[in-house]
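Here the structure comes first, spelled out in structure tokens, and everything after it is commentary.
Where a number appears in this text, it was derived from the coordinates with a stated rule and is not lab data. Keep in mind that what you see is a predicted model, and the values were worked out from it rather than measured. Positions of Cβ are generated from backbone atoms using ideal geometry, with glycine treated the same way; all protein chains shown enter the neighbour counts.
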Amino acid sequence: MKRTALISGATSGIGQAIAELFAKNDFNLILTGRRNNKLIDLKEKIERDSGSEVYILNFDVRDNSQVNKAIDSLPEKWKDIDILINNAGLASGLDPIQEGDIEDWEKMIDTNIKGLLYLTRKVSPVMVSRKKGHIINIGSIAGKEVYPNGNVYCATKHAVDALTKAMRIDMLPYNVKVTQIAPGMVDTEFSTVRFHGDKTRADKVYEGLTPLYASDIAEIILFAVMRPAHVCLNDIVVTPTAQASGINVVRNK
């Protein structure tokens with residue numbers, strides 16, 4: 001019987017790569033995101049190219065009422081979620097704390113922390129009642145250290161790091177696995193979003209090195225969820241070979 005994975009933020013980047021890889025590996029998928037046209041296109045592509053079924057939910061994880069309404073709307077056959085992948089997240093702005101944009105701060109806090117909590121609170125009780133499941137939180141190397149001007153983004157990913165550890169303890173009696181994947185530099189829409197659509201500035205982030213790609217992270221997540229029942233990978237930090245930390249990067253000149 002196919003397992004069902006719910007992937008938040010599935011309309012691009014890491015989320016889309018996870019969806020496509022999981023479909024090829026015989027998972028049924030619940031895909032969520034704010035861009036309904038992209039969800040529809042991805043559903044059609046996956047169902048055309050694989051034997052997996054896809055159910056889409058168009059909502060914003062920052063709004064708890066939308067989260068509750070969306071999950072409650074799932075048909076009965078989709079309610080038993082085996083894997084929750086809390087992928088929705090973003091960076092917005094790169095300013096020193098004294099110049100920070102409050103709107104950027106709220107966007108990051110509401111998405112990276114509260115959105116993850118809202119979705120986990122709604123889905124985890126099903127896993128607890130069934131005494132099986134796996135929660136994957138997409139963190140960041142920014143959750144392990146801080147770097148100049150990263151302040152609030154780093155704080156939100158430090159929260160994801162702490163929440164993942166706490167979830168692991170809370171879920172322990174119920175046989176529910178919890179894993180954090182903490183990537184370094186991944187070439188997706190991440191930097192374009194951070195710089196508010198400035199593609200030229202975003203492209204410079206990855207100049208002179210080979211970054212990680214969304215498919216690299218998807219493969220690691222698939223590896224984690226395919227481990228035997230007695231094995232839980234708690235925390236995985238992954239960077240490009242050219243990156244050792246948030247600020248230690250070697251670039252070709």
(request) Tell me the label-point distance for the pair Val128, Arg201, using the 7 Å Cα-to-Cβ offset, in nm and rounded to one decimal. (result) 4.3
(request) Report the label-to-label distance for Asn149 and Leu74 in nanometres (one decimal), using points 7 Å from each Cα along the Cα→Cβ vector. (result) 4.0
(request) Let me know the charge dipole size of the chain about its Cα centre in debye, to the nearest 20, where only the beta-carbon of Lys, Arg (+1) and Asp, Glu (-1) is charged. (result) 700
(message) Can you tell me how region 109-253 classifies by the Cα gyration tensor, rounded, prolate or oblate, using a/c under 1.5 as the rounded cut?
(response) prolate
(request) Kindly give the semi-axes, whole Å and largest first, of the ellipsoid equivalent to the chain, taking each as the square root of 5 times a Cα gyration tensor eigenvalue. (result) 28, 19, 19
(message) Set the bar at 29 Å for Cα to Cα. Now go through Lys38/Lys157; Lys24/Lys144; Lys45/Lys114; Lys38/Lys107; Lys38/Lys132; Lys45/Lys79 and name every pair that lies beyond it.
(response) Lys24/Lys144; Lys45/Lys114; Lys38/Lys132
(request) Measure nothing but the geometry: give the 0 to 90° angle between the long axis through the Cα atoms of 116-130 and the longest principal axis through the Cα atoms of the chain, rounded to 10°. (result) 30
(request) Work from the charge dipole of region 42-148 (Cβ charges, +1 for Lys and Arg, -1 for Asp and Glu, about the Cα centre) and give the residue of Trp78, Thr111, Ala88 farthest towards its positive end. (result) Trp78
(request) Give the long-range amide H neighbours of Gly133: residues separated by 5 or more places, or on another chain, with amide H under 5 Å away, using H modelled in the peptide plane at 1.01 Å from N. (result) Lys177
(message) Could you tell me the relative contact order of region 1-45? Use alpha-carbon pairs under 8 Å, at least six residues apart, and round to a whole percent.
(response) 43
(request) Estimate the FRET efficiency between Lys165 and Ala242 by the formula 1/(1 + (r/R0)^6), using the beta-carbon distance for r and 45 Å for R0, to the nearest 0.05. (result) 0.95
(request) Please report the relative contact order for region 4-238, taking Cα pairs under 8 Å with a sequence separation of at least 6, and give it as a percent rounded to a whole number. (result) 20
(request) For region 43-50, just list the computed ³J(HN,Hα) in residue order, Karplus coefficients 6.51, -1.76 and 1.60, θ = phi - 60°, integers in Hz, with x standing in for Gly and Pro. (result) 4, 4, 5, 5, 5, 6, 9, 9
(request) Per DSSP H run of n ≥ 4, the term is -39500 (n - 2.57); total these for the chain, divide by its residue number, and report the mean residue ellipticity at 222 nm rounded to 500 deg cm²/dmol. (result) -12000 deg cm²/dmol
(message) Between Arg251 and Leu172, what is 0.36 nm times their sequence separation minus the Cα-Cα distance? Round to one decimal in nm.
(response) 24.2 nm
(request) Mind pulling the per residue volume of the convex hull built on the Cα atoms of region 113-159? Å³ is fine. (result) 64
(message) Which of Asp72, Asp161 has the fewest other C-beta atoms within 10 Å, and how do the rest follow up to the most?
(response) Asp72, Asp161
(request) Find how much the distance from Asp41 to Met1 grows on full extension, using 0.36 nm per residue of separation minus their present alpha carbon separation; answer in nm with one decimal. (result) 11.8 nm
(message) Using Cβ contacts closer than 10 Å as the measure, can you line up Ile141, Ile221, Ile40, Ile85 from fewest to most?
(response) Ile40, Ile141, Ile221, Ile85
(request) Among Leu31, Leu74, rank each residue by its count of other Cβ atoms within 10 Å, from fewest to most, as a rough exposure measure. (result) Leu74, Leu31
(request) At 0.36 nm per residue, minus the direct Cα-Cα distance, what do Arg34 and Asp95 gain on full extension? Give it in nm, one decimal, please. (result) 19.3 nm
(message) Just to check I understand the Karplus step: with θ = phi - 60° and J = 6.51 cos²θ - 1.76 cosθ + 1.60, what whole-Hz values come out for region 222-227, glycine and proline as x?
(response) 4, 4, 4, 7, 8, 5
(request) Using θ = phi - 60° and the Karplus relation 6.51 cos²θ - 1.76 cosθ + 1.60, list the HN-Hα couplings for region 27-41 in order, rounded to whole Hz, with x at every Gly or Pro. (result) 9, 8, 10, 10, 10, 10, x, 8, 9, 4, 4, 6, 4, 4, 4
